[in-house]
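The values are calculated or read from the model by the stated rules, or taken from the named source; none is laboratory data. Keep in mind that what you see is a predicted model, and the values were worked out from it rather than measured. Here the Cβ positions follow ideal geometry from the backbone for every residue, glycine too, while neighbour counts run over all protein chains shown. Ligands, DNA and RNA are stripped out before the accessible areas are found, and what is left, the full protein with its side chains, is counted by its heavy atoms. Shrake-Rupley method; radii C 1.70, N 1.55, O 1.52, S 1.80 Å.
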There are 2 protein chains.
Amino acid sequence: NFRTAPTNGNVIYGNRGMSLEQEINLSNKYYLETGQAVIHKKPIPIQIVNVNYPKRSAAVIKEAYFKQASTTDYNGVYHGHYIDFEAKETRNRSSFPLSNFHDHQIKHMKACVQQQGICFTIVKFVVRQEIYVMPSQILFAYWDNQESGRKSIPYEQIKRESYLINYQISPRLPYLQGVDQLIKKINLP
Amino acid sequence: NFRTAPTNGNVIYGNRGMSLEQEINLSNKYYLETGQAVIHKKPIPIQIVNVNYPKRSAAVIKEAYFKQASTTDYNGVYHGHYIDFEAKETRNRSSFPLSNFHDHQIKHMKACVQQQGICFTIVKFVVRQEIYVMPSQILFAYWDNQESGRKSIPYEQIKRESYLINYQISPRLPYLQGVDQLIKKINLP
Ligand SMILES: [Mg+2]
Ligand SMILES: [Mg+2]
């Protein structure tokens, strides 16, 4: 199909080699340097089993294992608000599978919302090349209703109830624009 | 000296084997379980060099190195406030040495304060068995004035301008009491 294929190809090509996490990390660096927000990716949790301490050089971890993260990917502070989010990519076109999440991540996000934190997921539909700031309430609603049989969030609902983020030069992914909308909506009477 | 020695001995004995970090982690667990705050220790940042992926078992990290932390030990959310702090012990009696900090940690805390985060240090004077929530402004003032020759914060000033935290049953270290005072003071007109 000549109408859509080349365009799709170009868009994907333009971002080839950079993951959503890398795009967010670059944006966070820009936000930090320009004094707009302090948001960091948390280090990967590791279970260290064996460490060597050679003389005259740095300690070497010789045996360690990846632990499952009990919280989310990113947190920080923005205009007095606590910010907490996950970043997830899907190649799915029509929905965002809940299998992208673990129970303890949802629990963590619910606890943060309880403390008046601003929680969301940055969802990238890779094939569509669309990125959304999705409010945690949408995620919670589908998560809590999985026994109904539905194991994913429909793309159309995300499109309707989330904030589309368009690429820019700096920051590459201006996702705080979506966060501003989210905060505005939460603060409505 | 019969009057003081046994008491000191008892108090130290009571906390033997538990580091300040362990005491804080226990308290955070209590705060989380009782819905009072969501505050976690950040994982130690690690530079992974070599990973084995054996068939039928978990990935093993075979070579990795400790990276210097670019932020602080703990962060999270409490009553809508972003909370960010370091935990530090000193065996010094008369002052708290600035050598406990790195420049990028101070930079991080200053950036968080700029975003209206609540930043502080939990300082434990091990020999005195006294624990304080010390506002970041005291730390910043001494840090920025090191060329004057003074490389530590006097105990007497910490005692006067910080919040003493006494051990309890649950949470063991009720440091949010100090944070409440800090927030109250910041919000004064
Ligand atoms: Mg992720
Ligand atoms: Mg520490």
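Computed from the C-beta positions of residue A:127 and residue B:130 and an R0 of 45 Å, the FRET efficiency is 0.15 to the nearest 0.05. Mean residue ellipticity, 222 nm, helices only, chain A: the sum of -39500 (n - 2.57) across DSSP H runs of n ≥ 4, divided by residue count and rounded to 500, is -9500 deg cm²/dmol.
In terms of accessible area, using a 1.4 Å probe and ignoring ligands and nucleic acids, B:51, B:38 rank largest first as B:51, B:38.
Mean partner shielding of peptide B:113-123, defined as the number of other chain Cβ atoms within 10 Å of each residue Cβ, is 3.
Label points for residue B:146 are taken 7 Å from Cα along Cα→Cβ. From this copy to the others they lie 4.9 nm apart, shortest first.
Just to confirm a number: summing +1 for Lys and Arg and -1 for Asp and Glu over residues other than residue B:156 whose beta-carbon lies under 13 angstrom from that of residue B:156, what do you get? Here the charged neighbours net out to +2.
Using only protein heavy atoms and a 1.4 angstrom probe, determine the accessible area buried between A and B, summed over both sides, in Å² to the nearest 100.
Summing both sides, the interface buries roughly 2700 Å².
In nanometres and ascending order, the distances from the residue A:91 label point to those of the other copies are 5.7 (point 7 Å from Cα along Cα→Cβ). Checking the cross-link pairs A:159/B:67; A:107/B:185; A:41/A:110; A:184/B:184; B:107/B:159 against a 28 Å limit on the alpha carbon distance flags A:159/B:67; A:107/B:185 as lying beyond it.
Packing around the peptides A:58-70, A:81-93, B:71-83, taken as the average count of other Cβ atoms within 10 Å per residue, puts them in this order, highest first: B:71-83, A:81-93, A:58-70. Taken residue by residue and averaged, Cβ atoms of other chains lying within 10 Å of the Cβ of A:31-38 number 3. As a length-normalised measure over Cα pairs under 8 Å and 6 or more apart, the relative contact order of segment B:18-187 settles at 20 percent.
Look at the dipole of chain A built from charges on Cβ: of A:35, A:117, A:78, the Cα furthest out on the positive end belongs to A:35. Ordered by solvent-accessible area of protein heavy atoms (1.4 Å probe), largest first, the residues A:94, A:27 come out as A:94, A:27. Net charge around residue B:58, counting only other residues with Cβ within less than 15 Å of its Cβ (Lys, Arg = +1; Asp, Glu = -1)? Local net charge: +3.
With a Förster radius of 22 Å, plug the Cβ-Cβ distance of residue B:93 and residue B:146 into 1/(1 + (r/R0)^6) and report the FRET value to the nearest 0.05. E(calc), rounded to 0.05, equals 0.55.
Which of the three applies to segment B:18-187, rounded, prolate or oblate, going by the alpha-carbon gyration tensor with a ≥ b ≥ c and a/c under 1.5 meaning rounded?
Numbers: a/c = 1.79, a/b = 1.39, b/c = 1.28.
In terms of gyration-tensor shape, prolate.
Split the accessible area of segment B:18-187 by element, probe 1.4 Å, and carbon with sulfur accounts for 48%. Net charge of the neighbourhood of residue A:47, taken over other residues with C-beta under 15 Å away and scored Lys/Arg +1, Asp/Glu -1, is +3. According to the Kirkwood relation over distinct C-alpha pairs, the hydrodynamic radius of segment B:125-185 is 12.8 Å.
Shape class of segment A:78-174 from the Cα gyration tensor (axes a ≥ b ≥ c, square roots of the eigenvalues): oblate, since a/c reaches 1.5 or more and a/b does not exceed b/c. Using only alpha carbons, the protein assembly as shown has a radius of gyration to Kirkwood radius ratio (Rg to Rh) of 1.01.
Inter-chain Cβ neighbour count for B:62-70, averaged per residue, equals 4 (cutoff 10 Å, partner chain atoms only).
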